[in-house]
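Okay, so here's the structure we're looking at.
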Amino acid sequence: MGHHTFDASGADKLERAGQRYRYLSAEELLWALEPASTDTIADLGSGTGFYTDDVAPHAGDVYAVDLQEEMHEYYREKGVPENVDLVTTDVSDLPFDTDSVDAAFSTMTYHEFAGDDALAEIDRVLGPRGRLVVLDWAATGSGDHGPPLDERYTADEAATELRDHGFHIVFEAVRPETFLLIAALE
């Protein structure tokens, strides 16, 4: 399965609000995350910070986590909010203390990092009753946008992986091209 990484040379595509909000609006992301002004939130696969920027005004501290330093360079040029720290690392090796993150989210990047090591690491850093929001390209989609179909997960596959790592599914929606999962630690 997957582990397709978005080509950083196409970073401009990630800033197209009309295209991005077609799949997940800022309001829906905030509804799913339920951020508090004191929360520490991690954007897993933050890219250019498109959705990080939507969350930052509603949180205490935000970690923009991305594997590619080029994405952080793009974000720096765009302008990073004061409460956002750029973290260049793989999701399977997060440099955060245990139970130090209140919520995490992944927008169109779950297929890039999904696996036992990454999910165990997310479980480790999320605090009690930690929340994880996943919006990703669905294996049931057409494949016209996003990664190839064989690199995607179905909502059921992702939900099963999350359950296997101590999460329970609070909300699930399957759409024509994407799925949305809201999970919480049990």
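Some points to look at:
- When restricted to residues that are open to solvent by less than 10 Å² (accessible area, probe 1.4 Å), in a loop (DSSP other than H, G, I, E, B) and among the hydroxyl-bearing types (Ser, Thr, Tyr), segment 126-181 contains 0.
- If you go through segment 82-92 and pick out every residue that is more than 15 Å from the chain's Cα centre (by Cα) and open to solvent by 40 Å² or more (accessible area, probe 1.4 Å), you end up with 2.
- Pair list, Cβ under 8 Å, 6 or more apart: segment 32-45 residue among the acidic types (Asp, Glu), other residue part of a helix (DSSP H, G or I): Asp43/Tyr51; Asp43/Thr52; Asp43/Val55
- The set of residues from segment 40-80 being of a type in the set (A, V, I, L, M) and assigned to a strand (DSSP E or B) comprises Ile41, Ala42, Leu44, Val62, Ala64, Val65.
- Among the residues here, Gly79 qualifies as small (Gly, Ala, Ser) and open to solvent by 20 Å² or more (accessible area, probe 1.4 Å).
The values are calculated or read from the model by the stated rules, or taken from the named source; none is laboratory data. Just so we're clear, the structure is a prediction, and the values are computed from it rather than from any experiment. Every residue, glycine as well, gets a Cβ built from its backbone with ideal geometry; the counts of neighbours run over all protein chains shown. Just the protein is used for accessible areas: all its heavy atoms, side chains included, with ligands, DNA and RNA removed. Shrake-Rupley method; radii C 1.70, N 1.55, O 1.52, S 1.80 Å.
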